[in-house]
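Remarks on the structure that follows.
Read-outs: derived from the displayed coordinates by stated rules, not from any lab. Note that the structure is a prediction, hence the values are computed from the model and not measured. Please note: Cβ atoms are built from the backbone with ideal geometry, for glycine as well, and neighbour counts cover all protein chains shown.
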Amino acid sequence: MKLPSRITATSAALVVALSGLTIAQAQAQAEVNGPLTTSTYEAERAGLENGAQVNNNHRGYTGTGFVDNYVQIGTKTKFTVTVPTAGAYKSTLRYSAGPHASATRSLSIYINGVRERSTSLPQTASWDTWTTKTDVLQLVAGTNTIAYRYDVFDVGWINLDNLTIAKA
C-alpha cells in the first residue's frame, strides 16, 4: 500500500485501521514513498487581481466558491504552489465556461511571473457544469506561482474553481 508522506494523527489512525500497519510502520513506508506530490489549491484562496472576484452563484464548485469576472484584460488568479523537486508537473485547472459568443475560451499561464503559453478552455454545457484542463508545466523545487491571466489575445468569460498539481 502506497502511503502519503505527511502522516497526521488522524491519517495514521486511518492507515492503521485499514492496513493493519502500526503508526511507526506507516511512517517508515511514507519515507520510502517520498514526498507527497499531489495538492489541490482552491481558486478563491489564491491571489486575485484586476477584477477577479470570488462568487458562488453557480452550483457544483468545490471549496467555498469560485473565481469569476474574467471580462477585462489583466484579470488574474495567482496560485502559490509548493513542490518537492524541480521538474514537470501536471497542472489541472477545474473551470466552467458556460454559453457565450465564443465556444472556446483561453487564458495565459504565467509561471513565476513569466508567460509560458495560452491554454485553450472549451465551453461547458452550462455555468453549473465544471470540467478540467491539464497542462504540463516545468516548476522549480519549493515555492512557485502559477497565474491564469486574461491577456489581450485571450478569450475570457471563465470561472475558475481549483488547481491540482501532480508530478508528471
- Task: State the answer as a single residue: which of Ala103, Ile165, Val155 lies farthest towards the positive end of the charge dipole of segment 38-167, with beta carbon charges of +1 for Lys and Arg and -1 for Asp and Glu, about the Cα centre.
- Result: Ile165
- Relative to the present Cα-Cα distance, how much length would full extension add between Glu116 and Ala88 at 0.36 nm per residue of separation? 8.7 nm
- Taking 7 Å along the Cα-to-C-beta vector as the label spot, tell me the His100-Val136 distance in nanometres, rounded to one decimal. 2.9 nm
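Based on the Cβ-Cβ distance of Asn50 and Lys167, what FRET efficiency does E = 1/(1 + (r/R0)^6) give at R0 = 25 Å, to the nearest 0.05? Don't skip to the end; give the middle numbers.
On the way: r = 31 Å, r/R0 = 1.26.
With R0 = 25 Å, the Cβ-Cβ based efficiency is 0.20.
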- Spelling it out for Ser118: with amide H atoms placed in the peptide plane at 1.01 Å from N, the residues 5 or more places away or on another chain with amide H under 5 Å from its amide H are Ile109
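Around Gln123, with a cut-off of 14 angstrom between Cβ atoms, what is the net charge of the other residues, counting Lys and Arg +1 and Asp and Glu -1?
Details: positive: Arg105, Lys133; negative: Asp128.
Charge balance in the 14 Å sphere: +1.
For a quick check of your reading of the filter: which chymotrypsin sites (Phe, Trp or Tyr not before Pro) in segment 99-132 sit in a DSSP loop and have no more than 10 other Cβ atoms within 10 Å? Walk me through the numbers on the way to the answer.
On the way: sites: Tyr110, Trp127, Trp130; in loops: Trp127, Trp130.
Filter output for segment 99-132: empty list.
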- Query: Which of the trypsin sites (Lys or Arg not before Pro) across segment 32-94 are loop residues per DSSP, with 14 or fewer other Cβ within 10 Å?
  - Reply: Arg59
- Query: Of Thr92, Trp127, Thr62, which is farthest on the positive side of the dipole of segment 58-131, counting Cα position, with +1 on Lys and Arg Cβ, -1 on Asp and Glu Cβ, and the Cα centre as origin?
  - Reply: Thr92
- Note on the structure: Simple spin-label estimate for Val152/Lys78, 7 Å along Cα→Cβ, in nm, reads 2.1 nm
- Compute the distance in nm between two label points, each set 7 Å from the Cα along the Cα-to-Cβ direction, one at Ser39 and one at Thr145. 1.6 nm
